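Novice: The structure is given below, and queries will be raised subsequently.
The values are calculated or read from the model by the stated rules, or taken from the named source; none is laboratory data. All figures in this text were calculated on a predicted structure; none of them were measured in a lab. Cβ placement follows ideal geometry from the backbone for every residue including glycine, while neighbour counts extend to all protein chains displayed. These accessible areas exclude ligands, DNA and RNA; they are computed on the full protein's heavy atoms, side chains included. Shrake-Rupley method; radii C 1.70, N 1.55, O 1.52, S 1.80 Å.
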Amino acid sequence: MADLSVNIAGMQMKNPVMTASGTFGYGLEYADFINLEDIGGIIVKGTTLKPREGNPYPRMVETASGMLNCVGLQNKGVDYFCENIYPQIKDIQTNMIVNVSGSCPEDYAECAARINELERIPAIELNISCPNVKQGGMAFGVTPEGAYSVVKAVREAYKKTLIVKLSPNVTSVVDIARSVVDAGADALSLINTLMGMAIDIEKRRPILSIATGGLSGPAVKPVALRMVWQVAKAVQVPVIGLGGIMNADDAIEFLLAGASAIQIGTANFIDPTVTVKVAQGINDYLERHGCKSVSEIIGALED
Amino acid sequence: MKKYVLDLKVTSTTRPHERYVLLKLTHENPLPEMLPGQFAELKVDGSPSTFLRRPISINYIDRERNEVWFLIQMVGDGTRKLAELKPGDRLNVVMPLGNSFTVPEVKSERVLLVGGGVGTAPMLYLGKTLVDAGIKPTFLLGARSAKDLLEIDLFQELGDVYLTTEDGSAGEQGFVTQHSILTQQKFDRIATCGPKPMMMAVAKFARNSGITCEVSLENTMACGVGACLCCVENTKEGHVCVCKEGPVFNIDRLLWQI
Ligand SMILES: Cc1cc2nc3c(=O)[nH]c(=O)nc-3n(C[C@H](O)[C@H](O)[C@H](O)COP(=O)(O)OP(=O)(O)OC[C@H]3O[C@@H](n4cnc5c(N)ncnc54)[C@H](O)[C@@H]3O)c2cc1C
Ligand SMILES: Cc1cc2nc3c(=O)[nH]c(=O)nc-3n(C[C@H](O)[C@H](O)[C@H](O)COP(=O)(O)O)c2cc1C
Ligand code: FES
């Protein structure tokens, strides 16, 4: 067994495999299929200060090698999370991380401050990129200034590991990455979904209720990998790679491109046990290549 | 109820009709406990345009042969690929998922099961469960024409069966809600599954007659386990997941304009 442990800005993980926000519920939904403690971290559903009903149905459409969604951050709000969900998940022996969204820097900061009080939550992941919410994260994540302002506000309110999740729907992801690191991000994760659309040609209407949605799954992997590679070269903080990872080979590509850990999202829908298989597959690769530790392959592309 | 990912083995496939396939599958170990109205998410291999699993209702459980049955209508690439399975092939399924139809405590309840098209699929296992619970179900099954009425002999073993077809080739001509049985007999409870317009008509009849009514929804799904919130139905309590809190809903929870 190789040493799979990684450290993301002070947060110790038993392996580099995490689950992506919005695709794994609170982890509990998958507890029948895998031992949740076998994965390095679980990023729970997007949480906002106030409850949100999300967008109307239809919220999902299957596409070539992927899917579009416009769930729109449906959640019961941070108070409900703290009172009802946290007690159910706090004893799961892995890193339970809360994905935080908001519609203004103050909301983000207040939500983060609430979660800062929860002892067993070692980190938050700031979603500055959700493309679904009309008044939501979009505005922050697409300009270096907007991204800076929200990260700065949260940094002042949140004392533990602050991961900032980047949107791919931007001109230069590297510029945004640099500005959120300047604002105090401890780590970055990327990518969130790519904005897309699908049309019902019989009805001549968009299929999704709000017309557009976020593309995820293997269709986005090459784009995600390229962005992770660019960002990992440009910043000093750890980068968490995600987007279309379906198996261990995909995960290893991200690690080689410079990601210190990876997240798996849509693939859980196809195989609810994929996360543990990927962790095992990374181990097998390391053994096959005579590596003692996963750190040996992070960013280890040959010139 | 614990959910499983299982590699089932196909024991037989039959084509009751050119647009339908009945898959029977087994497993080395006893199949898990499953309730009527629950469904499975079937993995489709070898179809490039089919990325997600396909939700399919549990049609029947044959405990003696340790078999689960899926009755599938071929509508697109995914279901067509499933229809190509051969005996001996493996099919990866996640099950059992969702809630279930209510099996009344009171044995004297008069329960009517209304199925339309492939929506008759879950009614067979529901009927069997009711019989096992000491309740004799009545079935009202509708289809386009006689050849679209599937598994009728099996329904007849469980209870009285009334039929409608749109072309009049079997039973009474018209839609299920036009069948004379609805005026001739009294029912305490209706369970229905089928095309949405049919279920809405049944729900309307039930509401106007003061009959408890449960419907089974078919919202498009991604995860099937309540994790992604893609499959929501807007209800009196807001958006709820059809895959987890459903697919079976009492009509009083829904916002249907009926
Ligand atoms: C809980 C649940 C239980 C179901 N039980 C059964 C069952 O027992 N037997 C059965 O044959 N089908 C059942 N369905 C419907 C079945 O899942 C779809 O027909 C199937 O996913 C279509 O896949 P496809 O790849 O063949 O078609 P696609 O290529 O995905 O679509 C082909 C056509 O079918 C329509 N379609 C796609 N998904 C659905 C859906 N969920 N409901 C209605 N129409 C759809 C599309 O609009 C499109 O026009 C059930 C659905 C749900 C949600
Ligand atoms: C149904 C669904 C819901 C999502 N919800 C969120 C969310 O609430 N917050 C967030 O930051 N990302 C959300 N995402 C994006 C994923 O976390 C991930 O960034 C994206 O899907 C790419 O990874 P994948 O291809 O492995 O799924 C969601 C994705 C899906 C498919
Ligand atoms: S399909 Fe994911 S929550 Fe229902």
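Novice: Could you state the accessible area per residue of the protein assembly as shown in Å², with a 1.4 Å probe and every protein chain left in place?
Specialist: Heavy-atom SASA per residue in the protein assembly as shown reads 40 Å².
Novice: A further question on this structure: Quick one: which residues, 5+ away or cross-chain, put their amide H under 5 Å from the amide H of residue A:195? H built at 1.01 Å from N.
Specialist: A:215
Novice: Between residue A:226 and residue B:63, how high is the FRET efficiency from 1/(1 + (r/R0)^6) when r is the Cβ-Cβ distance and R₀ = 60 Å? Nearest 0.05.
Specialist: Using R0 = 60 Å, I get an efficiency of 0.70.
Novice: With +1 on the Cβ of every Lys and Arg and -1 on the Cβ of every Asp and Glu, and nothing else charged, how large is the dipole of the stretch B:16-171 about its Cα centre, in debye rounded to the nearest 20?
Specialist: The dipole of the stretch B:16-171 has a size of about 260 debye.
Novice: Here is a follow-up. Which shape class, rounded, prolate or oblate, goes with the stretch A:34-135 when its Cα gyration tensor gives a ≥ b ≥ c as root eigenvalues, a/c under 1.5 marks rounded, and past that a/b bigger than b/c marks prolate?
Specialist: Oblate, because a/c is 1.5 or more while a/b does not exceed b/c.
Novice: Using the Karplus curve 6.51 cos²θ - 1.76 cosθ + 1.60 with θ = phi - 60°, what ³J(HN,Hα) values do you get for each residue of the stretch A:172-179, in whole Hz, with x for Gly and Pro?
Specialist: For the stretch A:172-179, the Karplus-derived couplings read 9, 5, 5, 4, 5, 4, 4, 6 Hz, x marking Gly and Pro.
Novice: Output ³J(HN,Hα) for the stretch A:246-253: one whole-Hz value per residue in order, computed from phi by the Karplus curve 6.51 cos²θ - 1.76 cosθ + 1.60 with θ = phi - 60°, and x for Gly and Pro.
Specialist: 10, 7, 5, 4, 4, 4, 5, 4
Novice: Which one of A:232, A:177, A:113 has the biggest mean-square fluctuation once chain A is modelled by GNM with Cα springs under 10 Å?
Specialist: Looking only at A:232, A:177, A:113, the largest GNM fluctuation is found for A:113.
Novice: Separate question: May I ask what percent, to the nearest 5, of DSSP beta bridges between residues of chain B are antiparallel?
Specialist: Around 65 percent of the beta bridges assigned by DSSP in chain B are antiparallel ones.
Novice: How crowded by other chains is A:58-64, given as the mean number of beta carbons from other chains within 10 Å of each beta carbon?
Specialist: 6
Novice: Keeping all protein chains in place and using 1.4 angstrom, which order do A:197, A:246 fall into by accessible surface area, from largest down?
Specialist: The ranking, largest first, comes out as A:197, A:246.
Novice: Which trypsin sites (Lys or Arg not before Pro) does the stretch A:260-293 hold that lie in a coil by DSSP with at most 16 other beta carbons within 10 Å?
Specialist: A:292
Novice: Let me ask another. I'd like the antiparallel share, as a percent to the nearest 5, of DSSP beta bridges with both residues in the stretch A:6-296.
Specialist: DSSP beta bridges in the stretch A:6-296 are roughly 35 percent antiparallel.
Novice: Give me a single rounded figure for A:65-73: the average over its residues of other chain Cβ atoms within 10 Å of their Cβ.
Specialist: For this peptide, the per-residue mean of nearby foreign Cβ atoms is 3.
Novice: Taking springs between alpha-carbon atoms closer than 10 angstrom, which of B:57, B:12, B:180 fluctuates most in the Gaussian network model of chain B?
Specialist: Per the Cα network of chain B with a 10 Å cutoff, B:180 tops the list.
Novice: Report, in degrees rounded to the nearest 10, the 0 to 90 angle that the Cα long axis of helix B:196-209 makes with the longest principal axis of chain B.
Specialist: 30 degrees
Novice: Give me the accessible area of residue A:293, 1.4 Å probe, in Å² rounded to the nearest 10.
Specialist: The accessible area of residue A:293 comes to roughly 20 Å².
Novice: Quickly estimate the mean residue ellipticity at 222 nm for chain B, helices only: each DSSP H run with n ≥ 4 gives -39500 (n - 2.57), and the total goes over all residues, rounded to 500.
Specialist: -5000 deg cm²/dmol
Novice: Follow-up. Starting from the Cα gyration tensor of the stretch A:6-296, take the square roots of the eigenvalues, sort them a ≥ b ≥ c, and report rounded, prolate or oblate (rounded when a/c is under 1.5, otherwise prolate if a/b is larger than b/c, else oblate).
Specialist: Note, shape of the stretch A:6-296 comes out rounded.
Novice: Here is a further query. Using amide H atoms built in the peptide plane, which far-off residues or other-chain residues are under 5 Å from residue B:20 H to H?
Specialist: For residue B:20, the qualifying residues are B:74.
Novice: Here is a further query. Over all residues in B:52-58, what is the mean tally of Cβ atoms on other chains that come within 10 Å of each residue's Cβ?
Specialist: Counting Cβ atoms of other protein chains within 10 Å of each residue's Cβ and averaging gives 2.
Novice: Taking Cα centroids, how far is the stretch A:151-173 from the stretch A:260-303 in Å?
Specialist: Between the Cα centres of the stretch A:151-173 and the stretch A:260-303 lies a distance of 25 Å.
Novice: For A:303, A:182, A:107, what's the largest-to-smallest order of accessible area, 1.4 Å probe?
Specialist: Ranked list, largest accessible area first: A:303, A:182, A:107.
Novice: For an R0 of 51 angstrom, estimate the FRET efficiency from the Cβ-Cβ distance between residue B:131 and residue A:91 and round to the nearest 0.05.
Specialist: With R0 = 51 Å, the Cβ-Cβ based efficiency is 0.70.
Novice: Between residue A:119 and residue A:200, with labels modelled 7 Å along Cα→Cβ, what's the label distance in nm to one decimal, could you check?
Specialist: 5.1 nm
Novice: From the square roots a ≥ b ≥ c of the eigenvalues of the alpha-carbon gyration tensor of the stretch A:138-185, which class results: rounded (a/c under 1.5), prolate (a/b over b/c), or oblate?
Specialist: Prolate shape, in that a/c is at least 1.5 and a/b is the bigger ratio.
Novice: Step through the residues of the stretch A:77-92 one at a time and calculate ³J(HN,Hα) from phi using the Karplus curve (6.51 cos²θ - 1.76 cosθ + 1.60, θ = phi - 60°), rounding each to whole Hz and writing x for Gly and Pro.
Specialist: Result, rounded to whole Hz: x, 5, 5, 4, 4, 5, 7, 10, 8, 3, x, 7, 10, 5, 9, 6.
Novice: Also, I was wondering about something else. Loop-only trypsin sites (Lys or Arg not before Pro) in the stretch A:161-230, please: DSSP not H, G, I, E or B, and at most 12 other Cβ atoms within 10 Å.
Specialist: Taking the stretch A:161-230 and a limit of 12 other Cβ atoms within 10 Å, the loop trypsin sites (Lys or Arg not before Pro) found are A:203, A:204.
Novice: Now, a different point. When the Cα centres of the stretch A:73-129 and the stretch A:4-34 are compared, how far apart do they sit, in Å?
Specialist: If you average the Cα positions of each part, the centres end up 15 Å apart.
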